[in-house]
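Participant: One structure follows; several queries about it will come next.
Every number in this text was worked out from the coordinates using simple rules, so none of it is lab data. Remember, it's a predicted structure, so these values are computed and weren't measured experimentally. Neighbour counts are summed over all protein chains in view; Cβ atoms, including those assigned to glycine, are modelled from backbone coordinates with ideal geometry.
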Amino acid sequence: MNTQGTLAAVTIVMYIPFLFTSFKVASKCGIWRGRWTSLLVFCIIRVLGGAFLVAAEKITSANNGLYTAGYMLEVVGLAPLLLSTLSLLRLIFDGPDGEPTDESIFHSLRTFNAAGVLLTVIGFFTVSRSSSGASTLRKSGFILFSIHYIALVGICIFLWTKVHLIMKYRKKFLKVISFALPFLAVRMVYGVLSTITTDTFTSSTTSSNTSSLAEFDLVTGNWEIFLVMDMITEYAIVIFYTISAFVLPLDQDFKAPDLVEDEFPLNGP
């Protein structure tokens, strides 16, 4: 296998343990409530994407479909990671019934995220028919992902201005998310640069990328940059979120002896 195939195999090994831990957390908190489900989806996508790329390397005859599927999941995988961060920020607003009063901002960002995924997927499926059109769709999708990230930072800043109203363990959870956001920023920067410079998604291409950003090409670029700005940053975020899920008893916030049942400032109108 080439370097990309090796990194894909490493990705599978890295995320298989988190498939089980994220499933355990999501099941504990309720799969359909969605607080931790996006993290589980992200881990599944990373394992599947790695499997497609490894399979593409192992098959003797070149299979462009496997390469395209693998790289598509690599790009689209950012969406559930953004959604996971959004869901965890939303959790800070939750009242004892698990629902914040105002859902509008969260619904809007989920819509942005879904639209970004749709544009990106279409961009991958149409790359053989119109390379420039497909590239435009992928770039448009990543613009929506970027807006999503900026909104996450805005929500986080807002929460810090109201930190005196946030309950004990949710305050600690906000610190975890705030610590993860710079890692997510690095991942976003890599995603933007790789989206701009990557035109083909098969390792069998004979043309070389002559762009000034060629080292960020998802297929033929510098693997050390991919390792640091993509794989390590994502893995760090997953570790932060997973550990916090096990060590921070967020449900205890509503069991404090001095907590008035009807007073949840961030959950109020």
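Participant: Let me know the whole percent of all Cα-Cα pairs from the stretch 164-203 that are separated by more than 17 Å.
Facilitator: Numbers: 420 of 780 pairs.
The calculated P(r) of the stretch 164-203 puts 54 percent of pairs beyond 17 Å.
Participant: Report the calculated FRET efficiency for Val247 and Ile225 (r = Cβ-Cβ distance, R0 = 41 Å), to the nearest 0.05.
Facilitator: Numbers: r = 32 Å, r/R0 = 0.79.
For R0 = 41 Å, the calculated efficiency reads 0.80.
Participant: Further question on the same structure: May I ask you to compute the full-extension gain from Lys58 to Val13, defined as 0.36 nm times their residue separation minus their alpha-carbon distance, rounded to one decimal in nm?
Facilitator: Residue separation times 0.36 nm, minus the Cα-Cα distance, leaves 14.5 nm.
Participant: Here is a follow-up. Could you please report the charge total around Ile237, scoring K, R as +1 and D, E as -1 over all other residues with beta-carbon less than 15 angstrom from its beta-carbon? Please report the intermediate quantities before stating the final value.
Facilitator: On the way: positive: Arg46, Lys175, Arg187; negative: Asp230, Glu234.
Net charge in that neighbourhood comes out at +1.
Participant: At what distance in nm do the modelled label points of Thr161 and Leu213 sit from each other, each positioned 7 Å from its Cα along Cα→Cβ?
Facilitator: The two pseudo-label positions are separated by 3.2 nm.
Participant: Relative contact order of the stretch 120-185, please, whole-number percent, based on alpha carbon pairs below 8 angstrom and at least 6 residues apart. Write out the running numbers ahead of the final one.
Facilitator: Values: 29 pairs, mean separation 14.9, N = 66.
Reported relative contact order: 23 percent.
Participant: Remind me, what semi-axes does the stretch 3-87 give for its equivalent ellipsoid, largest first in whole Å, using sqrt of 5 times each Cα gyration tensor eigenvalue?
Facilitator: Numbers: eigenvalues 147, 32, 16 Å².
Taking √(5λ) for each Cα gyration eigenvalue gives 27, 13, 9 Å.
Participant: Cross-link list Lys28/Lys139; Lys28/Lys162; Lys24/Lys171; Lys139/Lys172; Lys28/Lys168; Lys139/Lys171: which exceed 32 angstrom alpha carbon to alpha carbon?
Facilitator: Over 32 Å Cα-Cα: Lys28/Lys139; Lys139/Lys172; Lys139/Lys171.
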